[in-house]
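The values are calculated or read from the model by the stated rules, or taken from the named source; none is laboratory data. Bear in mind the structure is a predicted one, so any value in this text is a computation, not a measurement. No Cβ is skipped: glycine too gets one built from the backbone with ideal geometry, and neighbour counts run over all protein chains shown.
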Amino acid sequence: MPASRQTRAVDPGRDDDSAPLDPARASGSDVPSKRVVLLLQGLMGRLFRRLGQELIRSGHRVYKVNFNGGDRLFWRLPGGIEYRGSLEEWPDSLAEIIRERGVTDVVLFGDCRAHHLVATKVCRELNVPVHVFEEGYVRPDWVTLELGGVNGHSSLPRDPEWYRRTAAALPPVPKHAQVPSSFRRRALEGLAYNVADVFTRGGYPHWTTHRPWHPLVEGMGWVRKLARGKRKRQSAAELIARLETSEQPYFLFPLQLASDAQIRLHSPFAGVGDALRLILESFARNAPKNARLVVKEHPLDNGVVDWRRETESMAKLFEVADRVDYLPWGDIVPVAARARGTVTINSTSGTLALAMGVPVVALGQAVYDIADITHQTGLDRFWTDPQAPDPETFAAFRRVLVERCLIPGGFFSDEALDKVVRHAVARFEGRGLLPE
């Protein structure tokens with residue numbers, strides 16, 4: 001089918017909380033929009049809808065490509081483009097959308113999804129900038145909005161001296177308040193997205209998700225996880241209490257999501273299980289006999305894989321079951337603060353530990369895996385001689401990140417989203433961080 005038949009603009013109307021749909025028409029003027037922004041896939045939830053509203057309020061023209069019913073459910077604004085073609089047809093279709101609508105900027109969440117990898121290449125050929133959202137490089141209360149790509153696709157250098165020199169010329173970071181975050185909201189929005197996807201598959205015959213499970217399987221995992229929440233919280237509280245009162249040293253390995261493309265594309269591992277096996281084997285062979293390893297479940301894990309069972313099984317295989325703990329819930333901050341070191345693939349939990357002066361070893365491509373910041377002599381030596389970060393270099397690195405690719409806010413509450421979209425539009429328009 002020709003590319004022109006693969007896309008169709010729809011106008012499902014507006015609801016009570018939407019912005020004026022056409023700023024020029026709403027004000028009675030003929031002032032043209034400043035930029036023409038094309039949104040691709042966002043986070044499951046309201047992020048791109050809210051961003052679209054704020055961009056429209058600021059005078060920009062906005063379009064949004066919906067690849068499935070979940071995308072459409074959370075958009076519900078004019079400018080929606082229903083893409084029903086295949087991945088093979090996507091490059092030509094995207095180029096046509098960009099040319100026909102005069103797109104000046106493309107925005108997406110996660111640059112490793114199949115459609116987004118293609119989009120980045122097409123935009124590079126057409127000289128259209130791509131703005132990439134991701135979970136924040138630095139936690140908490142920051143999100144990533146980086147031009148061109150994140151982590152392994154980031155253009156940021158790996159030279160510690162460059163960060164020290166660049167940061168020295170920047171003003172202090174403005175203070176910003178913490179924002180609330182709701183795990184329940186994230187789970188319910190993910191469930192709603194997946195249900196809408198499943199029941200509209202007939203309308204998007206070529207859609208294939210970047211996630212490794214069928215949406216119904218993932219949805220049932222979330223239901224099961226929510227149902228087991230009380231038991232997990234109790235188990236976590238007991239373990240945290242033991243860690244706080246024990247003098248026994250421990251290392252921390254925070255799990256990443258099994259669906260995280262940063263693992264598949266920017267690490268030597270096919271998945272989280274491969275990394276877990278390598279870490280447990282190295283720990284068994286090289287860690288001091290009095291040391292423990294705490295494996296922390298990702299707070300947004302969907303519950304499809306029983307990672308406690310996987311951890312316990314591998315620990316038995318390597319004969320360290322009595323020295324490995326599984327933490328299914330809870331705030332990672334106090335656990336990381338007391339750890340002798342943190343092992344990560346390329347998770348943002350690495351910068352959390354670094355900010356507290358805790359040694360970190362990164363096993364994949366991570367934007368923060370830089371000399372003077374992370375341990376540089378390999379995992380096996382990490383257990384006995386972990387290299388702590390240089391505070392001055394990490395502070396410089398963090399300052400440059402804020403300047404170049406971080407904005408305040410979060411994704412899982414109205415207050416957090418308000419802050420993100422306000423700062424995102426300011427950054428998009430070339431302005432700095434806004435005052436609180």
Close pairs from the range 230-256: first under 25 Å from Val361 (Cα atoms), partner assigned to a helix (DSSP H, G or I) and small (Gly, Ala, Ser), Cβ under 6 Å, at least 6 apart: Leu252/Ala336; Pro254/Ser349
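For the range 359-381, give me the residue count where each residue is aliphatic (A, V, I, L, M), in contact (Cβ under 8 Å) with a residue 60 or more places away in the chain and in contact with a Gly (Cβ under 9 Å, 6 or more places away or on another chain).
Narrowing the range 359-381 to residues aliphatic (A, V, I, L, M): 360-363, 366-367, 370-371, 373, 379.
In the following step, the residues that additionally are in contact (Cβ under 8 Å) with a residue 60 or more places away in the chain were identified as 363, 366-367, 370-371, 373, 379.
Subsequent filtering for residues that are in contact with a Gly (Cβ under 9 Å, 6 or more places away or on another chain) retains 366-367.
Residues flagged as aliphatic (A, V, I, L, M), in contact (Cβ under 8 Å) with a residue 60 or more places away in the chain and in contact with a Gly (Cβ under 9 Å, 6 or more places away or on another chain) within the range 359-381 amount to 2.
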Looking only at the range 164-190, how many residues end up being closer than 24 Å to Ser347 by Cβ and either modelled with pLDDT under 85 or touching a Lys or Arg at 6+ places or on another chain (Cβ under 8 Å) (or both)? 14
Here are Leu276, Leu363, Leu327, Leu265: which of them is in contact with a Cys (Cβ under 8 Å, 6 or more places away or on another chain) and under 30 Å from Val217 (Cα atoms)? Leu265
Using the structure shown, decide if Val295 is surrounded by 19 or more Cβ atoms within 10 Å (Cβ to Cβ), over 13 Å from Leu255 (Cβ atoms) and at pLDDT 95 or above. no
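Do we have any residue at all in the range 275-290 that's surrounded by 15 or more Cβ atoms within 10 Å (Cβ to Cβ) and under 22 Å from Ala187 (Cβ atoms)? Reasoning before the result, please.
Narrowing the range 275-290 to residues surrounded by 15 or more Cβ atoms within 10 Å (Cβ to Cβ): 275-284, 286-287.
Then keep just the ones that are under 22 Å from Ala187 (Cβ atoms); that gives none.
No, that holds for no residue.
Using the structure shown, decide if Ile97 is in the same structural domain as Leu43 (by TED's automatic domain parsing), buried (at least 16 other Cβ atoms within 10 Å of the Cβ) and out of contact with any helix residue (DSSP H, G or I) (no Cβ under 8 Å at 6 or more places or on another chain). I'd like the intermediate steps shown before the answer.
On the way: in the same structural domain as Leu43 (by TED's automatic domain parsing): yes; buried (at least 16 other Cβ atoms within 10 Å of the Cβ): yes; out of contact with any helix residue (DSSP H, G or I) (no Cβ under 8 Å at 6 or more places or on another chain): yes.
Yes.
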Leu300 fails exactly one of (1) of a type outside the set (D, E, K, R); (2) within 30 Å of Asn194 (Cβ to Cβ); (3) surrounded by 23 or more Cβ atoms within 10 Å (Cβ to Cβ), namely (3)
If Ala388 satisfies all but one of (1) buried (at least 18 other Cβ atoms within 10 Å of the Cβ); (2) touching a Gly at 6+ places or on another chain (Cβ under 9 Å), what's the number of the condition it fails? (1)
Given (1) within 15 Å of the chain's Cα centre (by Cα); (2) among the hydrophobic types (A, V, I, L, M, F, W, C); (3) more than 20 Å from Leu39 (Cβ to Cβ), identify the lone condition not met by Ala167. (1)
Could you check, for the range 337-354, whether at least one of its residues is surrounded by fewer than 16 Cβ atoms within 10 Å (Cβ to Cβ), on the phi > 0 side of the Ramachandran plot and not assigned by TED's automatic domain parsing to the domain that holds Trp142? no
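Of all residues in the range 412-427, how many are touching a strand residue (DSSP E or B) at 6+ places or on another chain (Cβ under 7 Å) and surrounded by 22 or more Cβ atoms within 10 Å (Cβ to Cβ)?
So the first thing to find is which residues in the range 412-427 are touching a strand residue (DSSP E or B) at 6+ places or on another chain (Cβ under 7 Å), and the list is 419-420, 423-424, 427.
Those left that are additionally surrounded by 22 or more Cβ atoms within 10 Å (Cβ to Cβ): 419-420, 423-424.
Residues in the range 412-427 being touching a strand residue (DSSP E or B) at 6+ places or on another chain (Cβ under 7 Å) and surrounded by 22 or more Cβ atoms within 10 Å (Cβ to Cβ): 4 in total.
Condition check ((1) surrounded by 22 or more Cβ atoms within 10 Å (Cβ to Cβ); (2) in the same structural domain as Arg422 (by TED's automatic domain parsing); (3) under 27 Å from Leu265 (Cβ atoms)) across all residues:
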{"position": "Lys34", "(1), (2), (3)": "no, yes, no"}
{"position": "Leu55", "(1), (2), (3)": "yes, yes, no"}
{"position": "His60", "(1), (2), (3)": "no, yes, no"}
{"position": "Lys64", "(1), (2), (3)": "yes, yes, yes"}
{"position": "Arg84", "(1), (2), (3)": "no, yes, yes"}
{"position": "Gly102", "(1), (2), (3)": "no, yes, no"}
{"position": "Leu126", "(1), (2), (3)": "no, yes, yes"}
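Among the residues in the range 104-123, are any loosely packed, with under 15 Cβ neighbours inside 10 Å, of a type in the set (D, E, K, R) and without any contact (Cβ under 8 Å) to a residue 12 or more places away in the chain? Show your work before the answer.
First, pick out the residues of the range 104-123 that are loosely packed, with under 15 Cβ neighbours inside 10 Å: 114, 121.
Next, only the ones that are of a type in the set (D, E, K, R) stay: 121.
Imposing the further condition that a residue be without any contact (Cβ under 8 Å) to a residue 12 or more places away in the chain reduces the set to none.
Within the range 104-123, not a single residue is loosely packed, with under 15 Cβ neighbours inside 10 Å, of a type in the set (D, E, K, R) and without any contact (Cβ under 8 Å) to a residue 12 or more places away in the chain.
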